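Student: Below: one structure in structure tokens.
The values are calculated or read from the model by the stated rules, or taken from the named source; none is laboratory data. Quick caveat, the model's predicted, so the values are computed rather than measured. Don't worry about glycine lacking a Cβ; one is built from the backbone with ideal geometry, like all the others, and counts go over all protein chains shown. Side chains included, ligands, DNA and RNA excluded: accessible areas come from the protein's heavy atoms. Shrake-Rupley method; radii C 1.70, N 1.55, O 1.52, S 1.80 Å.
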Amino acid sequence: MRTSRIAAVILAVGLVLVPPIAAQSADSGRVQVTVHEAMGMLGGFRVQSSETIALTDAAGRAVLTLATGRQVVTVAHVGFKPARATVIIVRDSTVTLTFTMAMNEMAMELADVKISATRTERLAGETPIRVEVVDEMEVDEKTLMSPSGIGMLLNETPGLRVQATAPGLGIGSVRILGLPGNYTVMLADGLPLYGGSSSALGPLDISPVDLQRVEIIKGAASSLYGAQALGGVINLVSKPPTGKNEILLNRRTLGVTDAATWLSRRFGTGTGLSLLAAGTVQSAVDVDRDGWADQSKAERWNVRPRFTTVDARGRSLFVTAGYGYDNRVGGTLNGAVAPDGLPFREALQSRRADVGATAQVPLQGSGSLSLRFAYANSSRRRDFGPGESENDGTSTGLLELTRSFESGTHITVVGSALQLDHYTNALNNVFDHRWYTPGLFATTERNAGPLTISASGRADAHPDAGVQVTERLAVLTKPAEGWSVRASVGTGFAAASATTEETEATGLRSIRSGGALRPEKSVSATLDVNGELAGAELLVTLYGSQIAAVVHMAELPGLVGVATLRNANVDTRIGGVEALAVWRFSGGKFIATYGYANGSRPDATTNVRVAMPMLPRHRVGADLMLERPGVYRAGLEGTWYGEQALDDNP
């Protein structure tokens, strides 16, 4: 009852921030854009002014309907130098702009891509919080190589690693800067549609055919997105409806067949509808012939429609829903048995459904009002050898109201939110919970001479963890032409729960209660240096994180195969460096990456500090891509991982 009252007060405070919407101006005019390019590539250029976006057609034309007054129009495309122009919009008139686009000899300038993961929706090159952007060209490249999921796309991004949590079933989670995957928040178009379970047909198993880009915030982001964002945030941004359709069929070795289609239709200049439908079927394979499935037998499919509309006043509505089914069977094959002399069946069957919406209304004067809603539900049935199946379910929800204020030198966003986290386990209900968490947050970015400063803070009233306050401070400076330096420090928290990387692999059937668990808390810091040197675009990131009261699994003495969950009395620490260099030449590019990580954590039984398991000390990668647009695309890539510690290594 107390939580409900707090939620009502917070949402009421949010409503006070809403000025009358009736004061919107109806005056507008049109901008007709024509793009010229020497090689004849005219379609697909992104034309944008504020929140209004259009793509050029095959003739290189696009039309924007904009509010009267001074407006800035930008044109961008992967591999081309961005272009922009300032125009004066007069009511009921049409302004004509012509852009001649030039190829970018260096790596794509993503500074003119507007990002949403930081909430301020500024251009990537202007925000102090470092946001890694995986562009559409890179997404398309990895889609051709691995169309059944985004695991490869994320695994080859510096600072990210897809860690197998149940290798026999092909299930994994995404680690950011070495931190366990349960500290990573995954978003779809800014909405939490993937719930809290990494193994119930999560984003790793969904086709990237409809992705436009991926935005990644590394380091604690609880001040932006609340609990669980200790490691960072990954936002998957979908393609806007273009009127084009795509169909992809793929057959891989080891008996894997993928099929995906993306259908889209536009209704006028600001309204469109798209549909993603994808599926994968694969056979069980024992590569080393030891009687165990190295690849599980699986079938999975999912569908996701999206609707988006923007009117002449800039008011927008985005609605999406999704449904997916996943069935995997692994374990022993062909009559083989486990060391106990019995066959061992490992299986997962899951269903997921979600719905979400975002509405935004520009306000007279400056800023906008936004409302976000999301609800996701998943159910799973898991088998771990002989014995009863384990059935669990997860429901997550979000209701959020934000108000932004903009001027020439700063952007401020304030908001209120109500989050739902519900978990049930039919076999072991000790860790069941239903949490409604109200919160208030604010973030601001301001120019201060040669510096751009970002500060954010959040207060969440969690029913188990109590009131938690988190902060993040970031600074951007550009010491020379083509160079930028970003420094960031932030705190985070996660409510203690039984959904960890360890329990994803074993289930909860043998987990006993070890008493009340404390919330986990973290501090993280990053330093990013970005520039051009010796014909290459360079990015170097230094990072460090410290997490207190980590929830880990410890075996109970005298009980074989029985464990408990408890808070560690010693902090977990991780630090390292990530480096990326990109050389672009006529007809292709070469990318080199290097990563160094060093982490330690307490042993679950003795509390003695030991090396962080599954954290490679060194990683080296290289990627050569050759391409002639519209003719061919070929690539060669490889990654080497150094020595790493294993958990319970015999």
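Student: What does the convex hull of the Cα atoms come to per residue for region 415-511, in Å³?
Tutor: Spread over its residues, the Cα hull of region 415-511 gives 132 Å³ apiece.
Student: Return the whole-Å distance between the Cα centroid of region 516-584 and the Cα centroid of region 362-395.
Tutor: 25 Å
Student: May I ask you to list the GluC sites (Glu not before Pro) in region 573-650 that are in a DSSP loop and have at most 14 other Cβ atoms within 10 Å of their Cβ?
Tutor: Answer by residue number: Glu643.
Student: For Val72 and Glu481 in one chain, what is 0.36 nm times their gap in residues minus the Cα-Cα distance, to one decimal in nm?
Tutor: 145.0 nm
Student: Can I ask one more? So for the chain, averaging the separation of alpha carbon pairs under 8 Å that are six or more residues apart and normalising by length, what relative contact order in percent results?
Tutor: 10 percent.
Student: Please give the FRET efficiency for Arg628 paired with Thr34, using the beta carbon to beta carbon distance and R0 = 22 Å, rounded to the nearest 0.05.
Tutor: 0.30
Student: OK, next. Within the set Lys244/Lys297; Lys81/Lys218; Lys218/Lys589; Lys218/Lys297; Lys142/Lys244, which residue pairs have Cα atoms separated by over 23 Å?
Tutor: From Lys244/Lys297; Lys81/Lys218; Lys218/Lys589; Lys218/Lys297; Lys142/Lys244, over 23 Å: Lys244/Lys297; Lys81/Lys218; Lys218/Lys589; Lys218/Lys297.
Student: Moving on. To the nearest 10 square angstrom, how much accessible area does Glu532 have with a 1.4 angstrom probe?
Tutor: Roll a 1.4 Å probe over it and Glu532 shows about 80 Å².
Student: Right, something else. Taking the Cα centre of the chain as origin and charging only Cβ (+1 Lys, Arg; -1 Asp, Glu), how large is the dipole, in debye to the nearest 20?
Tutor: The dipole of the chain has a size of about 1400 debye.
Student: Further, regarding this structure: Compute the long axis of helix 136-145 from its Cα atoms, compare it with the longest principal axis of the Cα atoms of the chain, and write down the angle in degrees, 0 to 90, nearest 10.
Tutor: Long axis of 136-145 versus the principal axis of the chain: about 40 degrees.
Student: Label points 7 Å out from Cα along the Cβ direction at Val570 and Val608: separation in nm?
Tutor: Each label point is offset 7 Å from its Cα along the Cβ direction, giving 0.9 nm.
Student: What number comes out for the charge environment of Arg619, summing +1 per Lys or Arg and -1 per Asp or Glu over other residues with Cβ under 15 Å away?
Tutor: Numbers: positive: Arg161, Arg175, Arg617; negative: Glu156, Glu578, Asp623, Glu637, Glu643.
Residues close to Arg619 contribute a combined charge of -2.
Student: Next up: Tell me, what is a quarter of the convex hull surface for the C-alpha atoms of the chain, in nm² with one decimal?
Tutor: Projected over every direction and averaged, the Cα hull of the chain covers 28.4 nm².
Student: What does the charge count around Asp286 come to, taking other residues whose C-beta lies under 14 Å from its C-beta (Lys +1, Arg +1, Asp -1, Glu -1)?
Tutor: Residues near Asp286 contribute -2 overall.
Student: Same structure again: Quote the FRET efficiency, to the nearest 0.05, computed for Arg345 versus Arg313 with a Förster distance R0 of 60 Å and r equal to the Cβ-Cβ distance.
Tutor: Plugging the Cβ-Cβ distance into 1/(1 + (r/R0)^6) gives 0.55.
Student: Relative to the longest principal axis of the chain, what angle (0 to 90°, nearest 10) does the C-alpha long axis of helix 2-16 take?
Tutor: 10 degrees
Student: Can you give the FRET efficiency for Arg518 and Val620, using 1/(1 + (r/R0)^6), R0 = 30 Å, r = Cβ-Cβ distance, to the nearest 0.05? Display every interim value, and only then the final one.
Tutor: Working: r = 39 Å, r/R0 = 1.30.
Here the calculated transfer efficiency is 0.15.
Student: With every protein chain present, what is the per residue accessible area of the chain (1.4 Å probe, Å²)? Present the calculation step by step, with values, prior to reporting the outcome.
Tutor: On the way: 28040 Å² over 650 residues.
Per residue, the chain has 43 Å² of solvent-accessible surface.
Student: Give or take rounding to whole Å, what are the principal axis extents of the alpha carbon atoms in region 319-376, in descending order?
Tutor: 74, 18, 13
Student: Place a point 7 Å from the Cα of Asn245 along the Cα-to-Cβ direction; which residues of region 266-283 have their backbone N under 16 Å from it?
Tutor: Correct set: 266-267, 273-278.
Student: How much of the accessible area of the chain, probe 1.4 Å, is carbon plus sulfur, in whole percent?
Tutor: Of all accessible area on the chain, carbon and sulfur atoms account for 58 percent.
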